[in-house]
Structures are given as structure tokens and as C-alpha cells.
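Encoded as C-alpha cells, the structure appears first; notes follow it.
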Amino acid sequence: RLVRRCRVLCEDLTPDAQAELLIHLRACTAADLERALGAVDLARLCGDLARAGWEQDPPASLLTLLSAARVGELSPATRAALARGLMAGPSHRAEERALLAIFRGTPLEQLTAFKLALDAGYPDDLSSLVYDEVDDPALREALIERCRLAAGPGRIVLVDVDDTLFPFLNDSRYPDGRLYPGVRALLRALRAGQPTSVGLLTARPAPLGAYTVRGLAARGVPVTLALTGTLAGLRSHAAMAANKREAFARYRGLYPDLPALFCGDTGQGDAEVALALLADGALDLALLHDVVGLEPAARAALEAKGVVLFETYLGAALALEGAGWIDAEQLLRVTRFARAEWKAIPFAEDAPIQAVWARDLAAVEARLGRALGPGPR
């Protein structure tokens, strides 16, 4: 009944409706508050209240109630929806202060889950809210400082797109542009068990970010956000690498407490990115998909600096299991999915990648201590 009434009130938010809404939201239980806010369009609600004027009641009291007085009773997902609703339109100081109040009202042990819930709303994600939507430098710095205090579990997984998720520019080993066998299952495995942000770290310009995330999601790739580059950054591999390092640094500043993994490829500057981030201590693990066939000396030089190289996603899964990012059961599951996807690719019988696949499959079987049946052909 309360949910229906709140929905009706929000449809025509007159001053009387605002006053009644305030009474209901003040008096209801935490569970009813969660349900009520989940049933209304929070962006529309915040926009209507902003037009009524945050400096006067009831809008001022509603803003305080939602962003401060009762914010600690909301789930991370509802807090994230409220934060996005506040910043959906042109932001004013009242909305920015309320956003900071939401962050400060979130217990430290829940702050990581709240930030990850914001990232699930790309392009209105944590990074865009903090760096792009908040105009007041002091409030922005206060938000960043609050983000750095998070104490909850979680981890960061960032991946490149072209020649990392599917062959596109430099990888001629595959006959078409379908997703690499096992990449979807591996990213799902990395998300399992604890809160994880899986995003793109790409040189593609920002306007393509949402398009790319939507397209990959439609193909079953569990990415939720994109750290993008600029048109000017596409002029060279060095410029693309610089763009990626800058985007990563901004994002990492909001998650300094979480272990971070980057997976790229050897085709377009990702080696430079991986080496720089490892040297800075910003990454816990860097993997590169070798799509160009590095010479042994070049491979050894990268590996000596902590980069993990792989040629199939069986090899990547094996490395991640060895590093503790997935467990043996997840390695087995990824391998089974990868083999099914491998069988569907129309390789030539003498394709060199066939031998690489067989080698990596044998290595997985050795790690698991069990044969997984006949090969993919």
C-alpha cells in the first residue's frame, strides 16, 4: 500500500504531495523505505524536487531525509540509484552536497559495495559522478578522500577490447571475429565469490564507450563500465598507452584498497601500459594476450618484469588459478566452456593455433590431475 501511494504521489509532485511523501518516508520501516524508493523513478523525483527548490521545504527536508538521515538503512544498489538520480540533471551545490552526504552516511564496510553498485550504472558510474558531474573542487576532493577509506571486500578487473576479447586488428590466427573461446567464462569466474568491477580499459573514445559495453553485454561479456580514451589519443600506440594510463590512474584513485588486474594484448601499446602500472605498484597482476608471436627475448623481458603472457584463454585461466584469482573448480568450468566454443570455430586442420590449444589443454589437465577427454576436434 505504501509503495503504491508513494508512486502515485511522485506522479504529480505538488507541494501537498511532497509533504505527504515526507511523512510516509519518515515513518516507514527500513524495508518499506527500500521498496518505496525502488518503485519510483528517482531521477524524475530528484528533478521535480530540484525544480521546486532545494532551499525550501518540503524538498529540503526530503533531501536531508534521503541523503543523510536514513541513507544508512538503504541497500548499496538503492543508494547508488539515489546518487545517480541526484546527479541526473544539471547539478547544483545542493545535489553535490547531498551526494557527499550519501558517501559519508555509508558505513566504511559497505562503501566498496556501494561504489561497485555505482559502477554497474555506466555511463553514470562512480568515476563520471566524481570527476565529471561534481563541479565544486572541494566537494570533489572530499568524495575522493571518502572513497579511499573503503574497507569492504572486492577487486578490480580491467580488460582491453580489440585482440583481447576478440580478434580484430593484429590477430590473424582466427578465421573470424567471434569472441575468444573461454573469455566470457573466465570473466564470469573472476566476478564470482566476491564483489568485482569488470570494466574495459580501452583507447576507444568516450562516445563509443556505452556502445561498446552494450554490444559486449549482448554477447554475454560481463563488463559494466568503460574507461575510455580520446580521438587525439588514437594517433599512435604511445598516445593510446598514455590515455589508458591516465584513465586507469583516475579510476584507481577511487579504489586504492582493492587488488587490480589488467588484461590486454601485445598488439597496440598494452605492454607499455602493463609495465608502467606494475612499476608504479598500481597493479597486482598484468596479463597480455600474445597475438603477434613475440620473439623469445621479448617474451623473457616482459616476464622478467612481472607480465604474464598467454596465447589462449586456457593459458590465461591456468595463470589466474596459479595466482589465486580463480580456484580449481572455476578453472575446470572455464575449460569446459572454452572447449565448447573452440569446437564451433571453423579452423583449418593445419592452423598453428591448434597446436597451441592442445599444449594449453594438456597443461590444464596436468594442473587438475585429470584427463578431460578427447581434444576439440
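Within segment 296-314, is there a residue that is polar (S, T, N, Q), closer than 22 Å to Arg191 by Cα, part of a loop (DSSP other than H, G, I, E, B) and touching a helix residue (DSSP H, G or I) at 6+ places or on another chain (Cβ under 6 Å)? Yes, because at least one residue in segment 296-314 is polar (S, T, N, Q), closer than 22 Å to Arg191 by Cα, part of a loop (DSSP other than H, G, I, E, B) and touching a helix residue (DSSP H, G or I) at 6+ places or on another chain (Cβ under 6 Å).
Cβ-Cβ distances below 7 Å connect the following pairs, each with a first residue in segment 81-100 that is touching a residue at least 24 places away in the same chain (Cβ under 8 Å), a second residue that is of a type in the set (Gly, Ala, Ser) and not in a helix (DSSP H, G or I), and a separation of six or more residues or different chains: Arg84/Gly121. In segment 233-269, the residue that is modelled with the lowest pLDDT out of those that are over 19 Å from Leu169 (Cα atoms) and of a type in the set (A, V, I, L, M) is Ala242.
Yes/no per residue for (1) without any contact (Cβ under 8 Å) to a residue 12 or more places away in the chain; (2) more than 14 Å from the chain's Cα centre (by Cα):
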position	(1), (2)
Ala138	yes, yes
Ile156	no, no
Val161	no, no
Arg178	no, yes
Pro181	no, yes
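Residues that are surrounded by fewer than 17 Cβ atoms within 10 Å (Cβ to Cβ) and either among the acidic types (Asp, Glu) or at positive phi (or both) within segment 175-214 comprise Asp176, Gly193, listed in sequence order.
Test Leu49 against the stated conditions and say whether it is in contact (Cβ under 8 Å) with a residue 12 or more places away in the chain and crowded, with 21+ Cβ neighbours inside 10 Å. Here the answer is yes, as Leu49 does meet what is asked.
For segment 215-266, a residue qualifies if it is buried (at least 22 other Cβ atoms within 10 Å of the Cβ), among the small types (Gly, Ala, Ser) and either under 27 Å from Ala298 (Cβ atoms) or not assigned by TED's automatic domain parsing to the domain that holds Arg191 (or both), and the qualifying residues are Gly229, Ala241, Ala247, Gly264.
Mind counting the residues in segment 101-122 that are under 20 Å from Ile156 (Cβ atoms) and either in contact (Cβ under 8 Å) with a residue 40 or more places away in the chain or out of contact with any helix residue (DSSP H, G or I) (no Cβ under 7 Å at 6 or more places or on another chain) (or both)?
Count: 14.
Do we find that Arg70 is surrounded by fewer than 22 Cβ atoms within 10 Å (Cβ to Cβ), at pLDDT 95 or above and more than 22 Å from the chain's Cα centre (by Cα) in this structure? When the stated conditions are applied, Arg70 passes them.
The values are calculated or read from the model by the stated rules, or taken from the named source; none is laboratory data. Values in this document were obtained by computation on a predicted structure and should not be read as measured data. When we count neighbours, we look across all protein chains shown, and the Cβ atoms used for this are built from the backbone with ideal geometry, even at glycine.
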